[in-house]
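Just so it is clear, none of the values below were taken in a lab; they were calculated from the coordinates. None of the values given here were measured: they were computed from a predicted structure. Don't worry about glycine lacking a Cβ; one is built from the backbone with ideal geometry, like all the others, and counts go over all protein chains shown.
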Amino acid sequence: MISQLTNIKFMGKAMQEPSVLEIEHLSFAYKNSPLLFSDLCLHVRRGEVVSILGPSGSGKSTIFELINQNLKPKTGNIKRAKLAQIFQDPYTSFHPTYTILNQINDVCNIKNYKELCKSLEIAPSLLEKKPHELSGGQLQRCSILRALLMQPKLILADEPTSALDNLTQFEVMKLLIKFLDRAGILLITHDEDLASWCSDRVVRL
């Protein structure tokens, strides 16, 4: 469905914006395994979406682990601005027994969160609920709210719509794209339609 829709992303002067991620000549392999990738170079600027597209096992999630400094590359350098991450399954990214608002308040300043809720089409009353009381689409909007309240320059989005139906995928991505004036987005996806619809550039692994 997404491929049939017009790309609504504002195509601003992204090439004139500062880089929020610079990956230079990166190579990586797990112990006793062949190289997943070699001499990988990738830049993301504020105001643009770059998608990493590839099958399972191609190294998409490994790149995020390297950016998050949970893994060390064999060669190469990574420079990144302040980041926040949006995960694939919104139900596992929140603790099941606490309200959404309490959990967001634990990791970031919630000042002006109601104004941001309006932009994300979230009723503030939903934040008083626990994760299981929300739909997948509502909860993923809350994940985006949490990420944006952290005031990142770089957003790592790991299959953020794959657990949602097609229409909800479009709505969630459309909302996220509204905030490209604040950050650049690096998106992991296996969905070619989604990548071609929302991306400035696509990196295939």
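Here each label is just a point 7 Å from Cα along the line to Cβ, and for ARG201 and HIS95 those points are 4.0 nm apart.
For the chain, the longest principal axis of the C-alpha atoms and the axis of helix 166-177 are separated by about 80°. For the residues LEU149, LEU42, LEU187, a GNM of the chain with alpha-carbon springs under 10 Å puts the largest fluctuation on LEU42.
Within the listed set SER56, SER19, SER162, the Gaussian network model of the chain (springs between alpha-carbon atoms below 10 Å) gives the highest mean-square fluctuation for SER56. Take 166-172, 64-70 and order them by the average number of nearby Cβ atoms within 10 Å per residue, most first; the result is 166-172, 64-70. Taken along the Cα-to-beta-carbon direction at a fixed 7 Å, the label points for ASN32 and THR75 span 2.5 nm. Other residues with beta-carbon under 12 Å from the beta-carbon of LEU149 carry, at +1 per Lys or Arg and -1 per Asp or Glu, a net charge of +2.
Summing Cβ point charges (Lys, Arg +1; Asp, Glu -1) relative to the Cα centre of the chain gives a dipole of roughly 620 debye.
Model label points for HIS190 and HIS25, set 7 angstrom from Cα along the Cα-to-Cβ axis, are 3.4 nm apart. Over every Cα atom in segment 18-204, the radius of gyration and the widest Cα-Cα span, Dmax, amount to 16.6, 51 Å.
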